[in-house]
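Let me begin by presenting the structure, written as structure tokens, before commenting on it.
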2 protein chains.
Amino acid sequence: MDIQTFIESCIGQWFSQRSSYQFDTEKAESHKSELTIEWLDTDHSLLVSLCQQHGIDPNQAIGGQTVSWNSSSDYGQKKQTGSTILIVIPDNNTPQTGQIIQSFQSKPSSQGNYSLGEDEALTLILEVGDFSIEERIWFASPNLRLRTSLMKGKNGYNRTAFYSEIRRLPPQEVA
Amino acid sequence: MDIQTFIESCIGQWFSQRSSYQFDTEKAESHKSELTIEWLDTDHSLLVSLCQQHGIDPNQAIGGQTVSWNSSSDYGQKKQTGSTILIVIPDNNTPQTGQIIQSFQSKPSSQGNYSLGEDEALTLILEVGDFSIEERIWFASPNLRLRTSLMKGKNGYNRTAFYSEIRRLPPQEVA
């Protein structure tokens, strides 16, 4: 699988079950959310301006994705919505690795790296403020995506999270 | 990292925080446990007899590990203890891949495969009864091990679990 195919495989609607664990408080939590992942074209104004902010030629990007989430289905929990943008800029000669730009709403965007392994797991590494975040994403099947994230702060590991994500299929495709 | 080093890196005492998710009931659970992982020598009678049961020359194994768990520290939950044995038999020419034998107490042992990726994540694939289990294990640091497992039954995916495992260090090494 190449990086373009991997990112395209993420596009769609997903039911996301998140389990997180906070190291300092030893607190575990579970949350549900609906994710919408859409393709972001290389000529999209958001992609172009984010690349320019990071001194990267937008023509080097293969595209990106916008990820929106909504936790309305998580009854009894505070509703959370939000979105993030991920832009993928492969290295010229080794497109299984490259740079990423990630933008969280209302926060400064961050630059990092990706690596798509032979085991078809995508690793994203980002520095966000005082934290470094490592995320791994892989597909158990085309309609089951698994994802872990590990957040490290100045004083060591801070938080892990694991996401089991099931694709929401149109009714005619469920059978 | 080679497979021998990887298995050796697992040896020790670990505090394990597990989050699991059952697909059919959409139920998420969290559990704590203490893990003890010990090296199993190639001349250990358990290793020799398990290899023989599976028609494998014990001399081809590099060794294995016994994993014992105890959930006494998980207050308010039913106490669970148990142990499992994992034996590693590398392929002759490509030792990053090979066979495994896993034995759960009082259940028939199972044979499967491992693959150690360039991203230093170890993938184990086992058929246990009617289920296939895929486990991924990697180290965020020498003292923080992350692990996912995905269980698939005849009717599709059944359960995922994610483990954040922190090494228990002797008091003098904690500083």
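The values are calculated or read from the model by the stated rules, or taken from the named source; none is laboratory data. Given the structure is predicted, the values throughout are model-derived calculations rather than measurements. Note: ideal-geometry Cβ built from the backbone for every residue, glycine included; neighbour counts use all protein chains shown. Keep in mind that these areas ignore ligands, DNA and RNA; they rest on the heavy atoms of the full protein, side chains included. Shrake-Rupley method; radii C 1.70, N 1.55, O 1.52, S 1.80 Å.
Over all Cα atoms in the stretch A:38-129, the spread is summed up by Rg and Dmax: 14.6, 50 Å.
What translational diffusion coefficient, in µm²/s and rounded to a whole number, does the Stokes-Einstein relation yield for the stretch A:9-77 at 20 °C and a viscosity of 1.002 mPa s, taking the hydrodynamic radius as the Kirkwood radius over Cα pairs?
In µm²/s, the coefficient is 147.
Within 10 Å of the Cβ of each residue in B:27-34, the mean number of Cβ atoms contributed by other protein chains is 3. Taken along its three principal axes, the alpha carbon spread of the stretch A:93-175 comes to 49, 32, 25 Å, from the longest extent down to the shortest. Tell me the label-point distance for the pair A:Glu118, B:Ser83, using the 7 Å Cα-to-Cβ offset, in nm and rounded to one decimal. Distance between label points: 3.5 nm. Considering only the label points, 7 Å along Cα→Cβ from Cα, what distances in nm to one decimal separate A:Gln105 from the same position in each other copy, shortest first? Computed spacing set for this position: 5.0 nm.
Full extension of the segment from B:Glu29 to B:Ile56, taken as 0.36 nm per residue of separation minus the current Cα-Cα distance, would add 5.9 nm. A DSSP coil position with no more than 13 other Cβ atoms inside 10 Å describes the following GluC sites (Glu not before Pro) in the stretch A:1-94: A:Glu26.
Net charge dipole, the stretch A:3-167: roughly 640 debye, given to the nearest 20, about the Cα centre with Cβ charges of +1 for Lys and Arg and -1 for Asp and Glu.
A crude spin-label estimate for the pair B:Arg168 and B:Phe104, with each label 7 Å from Cα along the Cβ direction, gives 2.4 nm.
Give the ranking of A:Asp2, A:Asp43 by solvent-accessible surface, highest area first, calculated with a 1.4 Å probe. Let's see the in-between values first.
On the way: A:Asp2 75, A:Asp43 125 Å².
So, going from the largest accessible area down, we get A:Asp43, A:Asp2.
Per residue of B:156-165, other chain Cβ atoms within 10 Å of the residue Cβ number 5 on average.
Note on the stretch B:30-44 and the stretch A:80-119: Cα centroid distance 37 Å, given to the nearest whole angstrom. Take each residue in A:121-134, count the other chain C-beta atoms within 10 Å of its C-beta, and the mean is 1.
Per residue, how much accessible area does the protein assembly as shown show when a 1.4 Å probe rolls over the protein heavy atoms, in square angstrom? Could the numbers behind the result be given before it?
Working: 17740 Å² over 350 residues.
For the protein assembly as shown, the solvent-accessible area averages 51 Å² per residue.
At q = 0.06 Å⁻¹, what log₁₀ I(q)/I(0) does the protein assembly as shown have when each alpha carbon counts as one equal point scatterer in the Debye sum? The Debye formula, applied to the Cα set alone, gives -0.24. Each Lys and Arg adds +1 at its Cβ and each Asp and Glu adds -1 at its Cβ; summed about the Cα centre, the stretch A:1-98 shows a dipole of about 440 debye. Backbone geometry of the stretch A:5-18 corresponds, through the Karplus equation with coefficients 6.51, -1.76 and 1.60 at θ = phi - 60°, to 3J(HN,Hα) couplings of 4, 4, 5, 5, 5, 7, 5, x, 9, 9, 9, 10, 10, 10 Hz, x marking Gly and Pro. Once divided by 2.2 N^0.38 Å, the Cα radius of gyration of chain B becomes 1.04.
For chain A, a Gaussian network of Cα nodes joined below 10 Å ranks A:Asn70, A:Asn113, A:Asn92 by mean-square fluctuation, and the top entry is A:Asn92.
Between B:Tyr75 and B:Thr94, the simple spin-label model (points 7 angstrom out along Cα→Cβ) gives 5.1 nm.
Which FRET efficiency, nearest 0.05, do B:Asp130 and A:Asn155 yield, Cβ-Cβ r, R0 30 Å? It would help to have the intermediate numbers written out before the result.
On the way: r = 46 Å, r/R0 = 1.52.
After rounding to 0.05, the efficiency reads 0.10.
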